[in-house]
Each structure stands twice: as C-alpha cells, then as structure tokens.
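Let me begin by presenting the structure, written as structure tokens, before commenting on it.
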Amino acid sequence: MIELVVTDLDDTLVARDKLIASKRCLHSIHQMLDAGVVCGPATGRDISHVSYLYRFDKACYQTAIVANGMRVYYNGEGVLTKELDREGMRKADDVVSQDERACILAYQADNRSWASGTTVDEMVEHHMGHLRNCSGVDRYNPDTFSLVKANVQFDGPLEDQNELMEALQQACPELSFSCPVGGIIDITAHGWDKGEAALWLAHYLGIADAEIAAFGDAGNDYQMIKKVPNSVAVANAFDEIIDTARWHIGFAEDDAVATAFEDIAQAAQEQRMPKFMSTEENEKYLKLAHQIKTVVPSVRCRDKQ
C-alpha cells in the first residue's frame with residue numbers, strides 16, 4: 001500500500017502551459033489525504049512559489065519537498081533544512097564568471113535574489129528567465145549569508161549547458177548539479193536531491209521505502225525516480241526518466257497524475273497497491289511513452305553528481 005506520495009510540479013502534476021493544477025487534481029489530492037496518505041510536491045521551487053499552482057489550497061502543500069530537497073515540510077512545519085557549501089559556491093562563481101551567457105541566482109526567504117558570475121546588464125541582455133520574479137538583484141557574496149536555494153541561468157545551446165554543468169561538477173565537488181529544463185542548472189548540497197529528501201521524509205514518518213510513490217519527468221527528478229522503488233514517469237518525461245522509472249502513466253496535459261492519485265486513494269482505502277502499478281497497465285503506458293520518444297525525442301540533460 002502507498003502511504004507517501006511526492007510529485008514534481010511542472011510538466012508532471014501540471015502541464016507547463018496550464019500554470020495551475022486542475023480542480024480534479026486538487027480533488028484527487030484531498031481524496032488521498034482523506035484516505036490517510038501523506039502527499040505533497042517535490043519541486044525545485046521554494047515554498048513561496050508553490051501556493052499559486054495549488055490555487056492557494058494549503059492542505060495540498062502542508063507536506064512538501066522544495067528547493068530540490070533542500071527544505072522539507074510536514075504538516076506546515078519545517079522539519080529539515082540543508083545549506084549550500086560556501087566554498088563550493090565560491091568555486092561555482094569562478095566557473096560561471098567565465099561565460100557571459102551564464103549567471104547564478106541565489107534566493108533568500110524574502111524573495112530577493114543575488115546575481116553572481118555576471119553583471120546585471122549581461123543578465124538582462126541574455127533574458128535570464130527568473131529575473132522577472134525577483135524583487136531585486138545584487139551581487140552575491142558567498143561569505144555574507146547562508147544559502148539554501150540557487151541555480152545557474154544559462155542562455156545558450158543545450159550542448160554548451162551540459163558542458164558547463166560538467167565543468168561545475170568537476171570544480172565544485174561540494175555541490176551537485178541537475179538540469180530540470182534547458183536554460184537552468186539546479187544546485188544542491190553534494191549527494192542531496194529530491195530522492196534523498198523523499199527517503200528522509202519517509203523514515204521521519206516511519207514509512208517504508210516501498211510505500212512511497214514518486215512522480216517526475218525531468219533531470220532534477222532523476223535521482224528521485226532512481227532511488228524511490230515505486231517511481232512513476234509521465235509519458236512526456238525525459239528519456240532517462242522513462243527508462244529509469246518502475247511505473248508509467250499518461251501525459252501531464254491529460255491530468256494523468258490526478259488519475260493515478262485517485263487510484264492511490266481508492267487503493268489506500270482497500271489496503272492494496274494501486275491498479276496502475278501492475279505489469280499490464282505499465283506496459284500499455286510504457287509503449288505509449290516509447291512511441292512518443294520515436295516521434296519527438298526527449299531532451300537528454302542528466303544530472304551530475
């Protein structure tokens with residue numbers, strides 16, 4: 001029986017162009033909660049950027065893995081926080097400073113962000129996507145404050161981004177790097193990721209690893225999909241997520257995760273495993289995912305540890 005459910009948000013729970021969860025999706029989350037299943041997001045976003053997607057329904061994100069696992073919440077209370085190594089961030093600043101197409105954005109609790117590795121003019125010139133969400137941008141100094149969430153913004157081809165990610169990992173062994181989508185490289189503490197956070201939360205709650213379900217689609221979900229036994233890929237996932245996940249479902253744009261949530265809720269009430277976690281159902285959706293891969297090959301953007 002599944003007792004803990006964690007899910008990526010963008011292009012997993014919610015299709016990227018829809019921006020917010022469907023009413024059906026929220027209802028399915030409440031069905032799981034009513035059945036006694038602990039559930040919440042596992043996202044690269046910090047907690048302040050989660051509420052709108054859930055239509056401000058706090059019950060849906062009272063338990064949450066945010067900032068790629070660097071913060072964990074349970075019942076609305078922070079139960080785990082990790083910090084980025086300052087020496088590692090200094091090294092990352094040195095690497096990023098060598099490419100004018102790249103910058104580091106470091107986020108604080110008040111939603112103010114610091115630019116590192118470039119100038120503000122260069123960031124604006126290269127249209128760094130997250131700048132529009134910043135309340136201000138100052139030069140980041142790793143010695144001035146502790147840091148939980150940061151990422152590299154990159155304005156260039158995916159091949160160059162992957163080379164930059166490789167250079168960062170070689171220069172900064174204190175940190176880990178992953179790619180959720182082209183243009184962004186997420187930074188976490190070395191060896192820490194959504195997967196480790198999900199396992200930590202399960203152990204904190206006394207839940208076995210086999211009783212966790214984890215849903216994902218992209219590079220920053222890879223370690224979670226790899227480490228959680230009952231991992232689930234949406235049909236629109238990156239190739240390596242489809243190849244690694246144990247179970248497979250339909251497309252994010254078709255509310256496939258909501259359908260799976262409804263199944264989990266019903267199964268929890270009947271104290272059994274969900275129906276979609278069966279060989280027959282899995283083969284059907286795995287075949288669909290591979291058909292899509294043939295027509296539109298996925299971006300390959302593996303995480304580096």
| said: Which residue, 285, 68, 102, has the largest displacement toward the positive end of the dipole of the chain when charges sit on each Cβ (Lys, Arg +1; Asp, Glu -1)? | reply: 285
| request: Kindly state, to the nearest 0.05, the FRET efficiency for residue 97 paired with residue 204, given R0 = 41 Å and r defined as their beta-carbon distance. | output: 0.60
| task | Please state the charge dipole magnitude for the chain, taken about the Cα centre, from unit charges on C-beta atoms (+1 on K and R, -1 on D and E), reported in debye and rounded to the nearest 20. | result | 620 debye
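Suppose all protein chains stay in the model; what accessible area per residue would a 1.4 Å probe give for the chain, in Å²?
Dividing the accessible area of the chain by its residue count gives 42 Å².
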| message | What lysines does residue 275 reach when the alpha-carbon gap must be under 18 Å and sequence neighbours fewer than 8 apart in one chain are set aside? | response | 284, 287
| request: Give me the accessible area of residue 154, 1.4 Å probe, in Å² rounded to the nearest 10. | output: 10 Å²
| So what are the ³J(HN,Hα) numbers for the stretch 207-216, from phi and the Karplus equation (6.51, -1.76, 1.60; θ = phi - 60°), rounded to whole Hz, Gly and Pro as x? | 9, 6, 4, 5, 9, 9, 10, 10, 10, x
| query | So how much accessible area does residue 47 have, in Å² to the nearest 10, using a 1.4 Å probe? | reply | 50 Å²
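Please report the carbon-and-sulfur percent of the accessible area for the chain; probe 1.4 Å, protein heavy atoms only, DNA, RNA and ligands left out.
Roughly 48 percent, rounded to a whole number.
The values are calculated or read from the model by the stated rules, or taken from the named source; none is laboratory data. Note that the structure is predicted; figures quoted are calculated from it, not measured. Note that each Cβ is placed from the backbone with ideal geometry, even for glycine, and that neighbours are counted across all protein chains shown. Only protein heavy atoms, including side chains, enter the accessible area calculation; ligands, DNA and RNA are left aside. Shrake-Rupley method; radii C 1.70, N 1.55, O 1.52, S 1.80 Å.
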